[in-house]
1. Just checking: which of the strands (runs of 3 or more DSSP E) contained wholly in the stretch 202-263 hold 1 or more residues that are exposed (fewer than 13 other Cβ atoms within 10 Å of the Cβ)?
2. So for the stretch 275-294 (the condition being touching a Phe, Trp or Tyr at 6+ places or on another chain (Cβ under 6 Å) and not acidic (Asp, Glu)), does at least one residue qualify?
3. Restricting attention to the stretch 282-306, which residues are within 19 Å of the chain's Cα centre (by Cα) and in a loop (DSSP other than H, G, I, E, B)?
4. Go through (1) at negative phi; (2) within 16 Å of the ligand (Cβ to nearest atom) and name the single condition residue 51 misses.
5. If you check 85, 153, 145, which single one turns out to be in contact with a Ser or Thr (Cβ under 6 Å, 6 or more places away or on another chain) and surrounded by 15 or more Cβ atoms within 10 Å (Cβ to Cβ)?
6. Looking only at the stretch 153-167, decide whether some residue is under 28 Å from residue 327 (Cβ atoms) and either assigned by TED's automatic domain parsing to the domain that holds residue 93 or away from the ligand (no atom under 16 Å from the Cβ) (or both).
7. So residue 100 fits all but one of (1) within 16 Å of the ligand (Cβ to nearest atom); (2) on the phi < 0 side of the Ramachandran plot; what number is the exception?
8. Condition test on residue 22, is it part of a helix (DSSP H, G or I), within 20 Å of residue 211 (Cβ to Cβ) and either of a type in the set (A, V, I, L, M) or not assigned by TED's automatic domain parsing to the domain that holds residue 90 (or both)?
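The values are calculated or read from the model by the stated rules, or taken from the named source; none is laboratory data. As the structure is a computational prediction, the values presented were derived from the model and not from experiment. Cβ placement follows ideal geometry from the backbone for every residue including glycine, while neighbour counts extend to all protein chains displayed.
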Amino acid sequence: MSQPTSTRIDGLVEVTLTEESLPQILALDTWAFPSPVPASDQLAWPWPLDPQRSRALAEPGSDTLAAMHGSYAYSTFPVPGATTAVAGLTAVGVHPQYRGRGLLRSMITTHFADCRARGEVASVLFASQPAIYGRFGYGLASRTAAVTIKHHAALRPVAGSDAITVTFEEFDFDAHAAIVAGLHARAAGRNINTPGWATRETPRLRAHFHADPAELREGFEKWRIMVAFREDDPVGYALFRRKFRWAEAGPEGPVELQEYAATDPAVVHALWTRLLDLELTSTVQAHWIGLDDPLLTLLVDPRAATPRIIDNLWLRLIDAPEALRRRRYAAAVDLTIELTDDMLTSNAGRWRLRADPFSANVEVTVSDTAEVSMDVRTLGSLYLGGFSASALASAGLIEGAAESVAALSSAFGWPRLPVCSWVF
Ligand SMILES: CC(C)(COP(=O)(O)OP(=O)(O)OC[C@H]1O[C@@H](n2cnc3c(N)ncnc32)[C@H](O)[C@@H]1OP(=O)(O)O)[C@@H](O)C(=O)NCCC(=O)NCCS
């Protein structure tokens, strides 16, 4: 670690992290997030964060970090109909000895200022503890279904599935990482895109995502990959692994799906048919299935998925008017919105939003009046199209005449529900 800078927070100083800081970072990380693998044994694992986007606090002169956070630069994060720069907040941790002294609050304040300086209009995260982030203006922006599907669950037929060929291989970074990255980006779509579908933009992040430390396998085999081809073109993949378990009545082991991506319905069908047909397994488990994922429509018996709805991305608007300009709207809209924001007061005020449907013709201007009102946290839930304004209004989170709320619902909705396919 380099010399402390002068910023003082509760007797702590900010330290500059470098590539050499990994032992200290991992020491704190394993205090914040208990791990069966000691920090010293994790040094060889790929660390995903850029030190320049990581910040830490420590006692003056101490090598022990008291708190840290970092973020990913998502320069092309999908928002409805477009992409924009956002930050992916991660590795937020406070050493147990320093908890309850406001360090998280101070780090969040710093993070917002950093986002603002970098021109990132929003911050997104996965929450280890969902109750934490609402107070900082993060709204739940997307949800997923965690599914456990029985072996051989039937799927409705899809034309063209038979023409897809699928290879089965052990995952090999050099052979497969580029195929995965390319297909994952394609699966986001272009104009009618999937909001929230963050891509792993840096080599560090791709190395981290594909790392497969033996210590974390918990009886599973190494990651394997199915790659789907139409003629010679790769059109989809499924990253999966199996655990072998034998019960009295036969095999009971699960298949765990890390991620799948498919460029069209026939590919979805071809991949899932094979996942559900792996010999000597009893279920397929997947955590991050979007609520409108075609799999849930293709299952003949939807209950076969035993879905459990879980929170996916949380989103905090850093520059609300600019963020509103960056997305597209599914219906024509001309509405005035009163926004409250205790932490970032430049967001607070009355804004007039005018937009043509599915168009870059979007205007956000200051207004004197307001037809609907909400807090920035609620706008974070609306922003990617994962919650309807009517649903939020019926929970008391948006106020306004029913017609205005209905207009807001139509405009902020999106043909594809938001989802991020992997945890960062
Ligand atoms: C969660 C954690 C970062 C909190 O750090 P901290 O410095 O103790 O938090 P602060 O003292 O700044 O508290 C800030 C606010 O968050 C609240 N808070 C803190 N921990 C919380 C928790 N686990 N659940 C809900 N609220 C929590 C505090 O009550 C406080 O609320 P207030 O400002 O409205 O009074 C820390 O306990 C930690 O590292 N936990 C383990 C790792 C983790 O879960 N990290 C989050 C990753 S997404």
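1. On the way: elements: 224-230, 233-242, 254-262.
Counting at least 1 such residues, we get 233-242.
2. Residues of the stretch 275-294 touching a Phe, Trp or Tyr at 6+ places or on another chain (Cβ under 6 Å): none.
No, the conditions are met nowhere in the stretch 275-294.
3. Scanning the stretch 282-306 gives 291, 292, 293.
4. (2)
5. Working: 153 fails: in contact with a Ser or Thr (Cβ under 6 Å, 6 or more places away or on another chain); 145 fails: in contact with a Ser or Thr (Cβ under 6 Å, 6 or more places away or on another chain).
Within the list 85, 153, 145, the selection yields 85.
6. Residues of the stretch 153-167 under 28 Å from residue 327 (Cβ atoms): none.
Taking every residue of the stretch 153-167 in turn, none turns out to be under 28 Å from residue 327 (Cβ atoms) and either assigned by TED's automatic domain parsing to the domain that holds residue 93 or away from the ligand (no atom under 16 Å from the Cβ) (or both).
7. Result: residue 100 passes all but (2).
8. Criteria met by residue 22.
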